[in-house]
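What follows is calculated from the coordinates using simple rules that are stated; it is not laboratory data. Bear in mind the structure is a predicted one, so any value in this text is a computation, not a measurement. Note that each Cβ is placed from the backbone with ideal geometry, even for glycine, and that neighbours are counted across all protein chains shown.
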Amino acid sequence: MNALEKYLSKLISAQGPLPLSRFMAEALGHPNYGYYMSQTPFGEKGDFITAPEISQTFGEMIGLWQAGNWLNMGSPNKVHLAELGPGRGTLMQDALRAMKIVPGLLDAVEIHLVEMSPRLRQQQQENLSEFKPPLWHDQVSDLLKAAKDAPLLLIANEFFDALPIRQFEKGRQGWHERLVGLSPEAELALCLAPVPCSLSLIPEALHAAKSGTVVEICPLGETIVTELSCHIRDNGGAALLIDYGHSRHGSGDTLQAMKNHHYYSVFKNVGEADLTAHVNFQVLKEITLKNGAKVHGPATQGDFLHAIGIGSRTQSLLKTARDDQKEIILTAYQRLTEDKHMGQLFKAMAIVNPELENIIGFES
Ligand code: SAH
């Protein structure tokens, strides 16, 4: 048992089984042993590769998307440009480089990063050293408090899938929360809460699901989108959320661990593997609309990137590339956009101020 597993076992022995959300929050964010606090997540040598690490074109397209929104707002002389969970800072770096082509934009932006990991903050600082120094925040609510004097342009790529989820399983008497307890061998293991939960926690569309069905909710994700949509409604701006997930309410256990680019056991070497769950975009869309902001999408990542122009950007990179680079550029483009790679499973959804028009990248 590693140090984090020992800590969790003690906690369970003292207080009883934990909701999965508590387990996930500790596995990813424990100040000493949490995955994002202690490991090297990204890249070939890390555990997984995210879209901005595959190709510079990803961050460039997002930068251009937000640049278009700034122009459509009438080029305000101050705007907050924020990213949630910036990883190594690659996306923000590529986005800012692309934004340089719009006169006045880089002078107008104040850069904000919401990041819980001191190690990753360090990498972000290094990778963004050529731009204005960013302001870091621990939580989204801190960012929103600091960003009330100008519109907000926000980006979140693979952030919501890292937020802690709760799971419930349908039994004969109702929905029982899936908890993390201890097996007879004293190892961390799933168990069910003996008493059913309140039905109000389960999306209505799934109330009649058959026995054994598993449903997930992400309370922190819902809170963040509530705060974000109210903020954008009141202060102006646009947020782009990109993540893997489903556009409609769905059921099933999507919690997964990833280590060295392979699926891994959720309860093995806790804190040493990445943990994620699919994002339910339907819930986030309903919350946004209820709070009076506008939604575009979700669109598939492939459709979204094509609509902004990743095809022609890739063509222009190919024109100046050496022969050995051409293959890399083409493969990266395919990984980002093709259905059999990230193009279909990943979705883009925008939360925008109702007065902001001519949003690109989405059909509706
Ligand atoms: N957006 C990056 C990294 C995705 S990984 C990319 O696409 O490459 C998730 C990121 O979110 C990491 O930077 C992680 O440290 C951060 N993160 C996860 N949960 C967080 C939380 N609750 N608060 C702040 N940052 C968080």
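How big is the antiparallel share of DSSP beta bridges in the chain, given as a percent to the nearest 5? All intermediate terms of the calculation are to be shown ahead of the outcome.
Working: 32 of 55 bridges.
About 60 percent, rounded to the nearest 5.
Please sort by residue number the GluC sites (Glu not before Pro) in region 300-364 whose DSSP state is loop and whose Cβ has at most 15 other Cβ atoms within 10 Å. Walk me through the numbers on the way to the answer.
Details: sites: 327, 338, 355, 357, 363; in loops: 338, 355, 357, 363.
Within region 300-364, the qualifying GluC sites (Glu not before Pro) (loop, at most 15 other Cβ atoms within 10 Å) are 338, 355, 357, 363.
Excluding residues fewer than 8 places away in the same chain, name every one of the aspartates and glutamates whose C-alpha is closer than 17 Å to that of residue 340. The reachable aspartates and glutamates, counting only those whose Cα sits under 17 Å from residue 340, are 243, 303.
When you filter the GluC sites (Glu not before Pro) in region 118-189 for DSSP loop state and at most 14 other Cβ atoms inside 10 Å of their Cβ, you are left with 130, 185, 187.
Rounded to the nearest 10 degrees, the angle from helix 90-99 to the longest Cα principal axis of the chain is 30 degrees. For residue 148, the lysines whose Cα comes closer than 18 Å to its Cα, not counting residues fewer than 8 places off in the same chain, are 78.
Return the loop-located trypsin sites (Lys or Arg not before Pro) in region 241-270 (DSSP other than H, G, I, E, B) with at most 15 other Cβ atoms within 10 Å of their own Cβ; answer none if there are none.
248, 268
Cross-link pairs exceeding 20 Å in C-alpha to C-alpha distance, out of 100/132; 132/347; 10/259; 294/347, comprise 132/347; 10/259. Overall size of region 167-245 from C-alpha positions, given as principal axis extents largest first: 53, 32, 22 Å.
Between the helical axis of 219-235 and the dominant principal axis of the chain, each derived from Cα atoms, what acute angle in degrees is found, rounded to the nearest 10? In the chain, helix 219-235 runs at an angle near 30 degrees to the longest axis. For the chain, the longest principal axis of the C-alpha atoms and the axis of helix 20-29 are separated by about 50°. Legend: translational diffusion of the chain by Stokes-Einstein, Rh = Kirkwood radius over C-alpha pairs, 25 °C, 0.890 mPa s; D = 114 µm²/s. Using only side-chain charges placed at the Cβ, +1 for Lys and Arg and -1 for Asp and Glu, the dipole size of the chain relative to its Cα centre rounds to 240 debye.
Our summary gives region 219-364 a relative contact order of 36 percent, counting only alpha carbon pairs under 8 angstrom and 6 or more residues apart.
Dipole magnitude for region 305-364: computed about the Cα centre from +1 point charges on Lys and Arg Cβ and -1 point charges on Asp and Glu Cβ, it is near 240 debye. Charges were assigned to the Cβ only: +1 to each Lys and Arg, -1 to each Asp and Glu. The resulting dipole of region 244-339 about its Cα centre is roughly 300 debye. Positive-end ranking of 7, 67, 39 along the dipole of region 1-150, with charges on Cβ about the Cα centre, is headed by 7. Helical content of the chain, expressed as a calculated mean residue ellipticity at 222 nm, amounts to -11500 deg cm²/dmol (DSSP H runs of 4 or more residues, -39,500 (n - 2.57) each, divided by residue number, nearest 500).
Think of the chain as a dipole: +1 on every Lys or Arg Cβ, -1 on every Asp or Glu Cβ, centred on the Cα centre; then among 191, 269, 254, 191 lies furthest on the positive end.
Based on Cα contacts under 8 Å between residues 6+ apart, the chain shows a relative contact order of 20 percent.
Straight-line cross-link reach from residue 210 at under 17 Å between alpha-carbon atoms covers these lysines, not counting any fewer than eight positions away in the same chain: 170.
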